[in-house]
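As structure tokens, the structure follows; a few thoughts come after it.
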Amino acid sequence: MKNITVRLYEELNDYLPVKIRKSPLKMKIPDHTPVIRLIQRLAIPEDEVDLILINSQPAGLETQINDDDYISVYPEFESFDISRLQHIHDKPLRKTRFILHEDFPELQNLLNRAGYDCRNGNDYSEEELVRTSNSEKRIIITREKYFMHKLNINRCYCLKADTPEKQLSEIQKRFDL
């Protein structure tokens, strides 16, 4: 048996019991265990894992785990380019989609014309907006500075620019689009 430490990040924590989320998890695993078996043992869907680091080094799903390894498991990245690191999948998981917290018809039009999937969430309650963001992996775009702190939001960005053209540019720059 090997002793390891595993740390899941962001929404991957939803697969763990509440009391052990967002903290390192010490585990014992059988010898000759590849990363994919660990992911399966934790009941994490493989297609939700975008990056795995073992002792801060990129690793693939078939990488063998050694005694005392520290394994970090990350979901898809929305604003951080990991293309130069180990590829877990043939194509990136990232498919950047947005939902607008407020009524920004011009911004929504610009985003959609630029080829981005953007939905207006103006008619949604805050709870529905968050539920839609989580289930569809949409980034909530808002101008309300404390919105993401009010609710448990995984994906949210607060705009600083005041015109639709500058807002589009800000979003493209922030999410490396």
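Odds and ends about this structure:
- Failed item in (1) outside the structural domain of Ile139 (by TED's automatic domain parsing); (2) at pLDDT 90 or above; (3) closer than 26 Å to Asn134 by Cα; (4) more than 17 Å from the chain's Cα centre (by Cα), with Leu8 passing the rest: (4)
- Top-ranked residue of segment 11-53 - restricted to ones that are assigned to a strand (DSSP E or B) and within 19 Å of the chain's Cα centre (by Cα), ranked as farthest from Arg138 (Cα to Cα): Leu53
- Search result, residues across segment 28-68 that are out of contact with any Asp or Glu (no Cβ under 8 Å at 6 or more places or on another chain), closer than 17 Å to Tyr9 by Cα and surrounded by 14 or more Cβ atoms within 10 Å (Cβ to Cβ): Leu38, Leu42, Ile44, Val49, Leu51, Ile52, Leu53, Pro58, Ala59
- Tally, over segment 69-78, of residues that are farther than 18 Å from Glu10 by Cα and either without any contact (Cβ under 8 Å) to a residue 40 or more places away in the chain or part of a helix (DSSP H, G or I) (or both): 0
- Residue among Ile153, Ile139, Ile171 that is in contact (Cβ under 8 Å) with a residue 12 or more places away in the chain, within 27 Å of Asn13 (Cα to Cα) and touching a Lys or Arg at 6+ places or on another chain (Cβ under 6 Å): Ile139
The values are calculated or read from the model by the stated rules, or taken from the named source; none is laboratory data. Everything numeric here is computed off the predicted structure, so don't read it as measured data. Cβ sites come from the backbone with ideal geometry, for glycine too, and all protein chains shown count toward neighbours.
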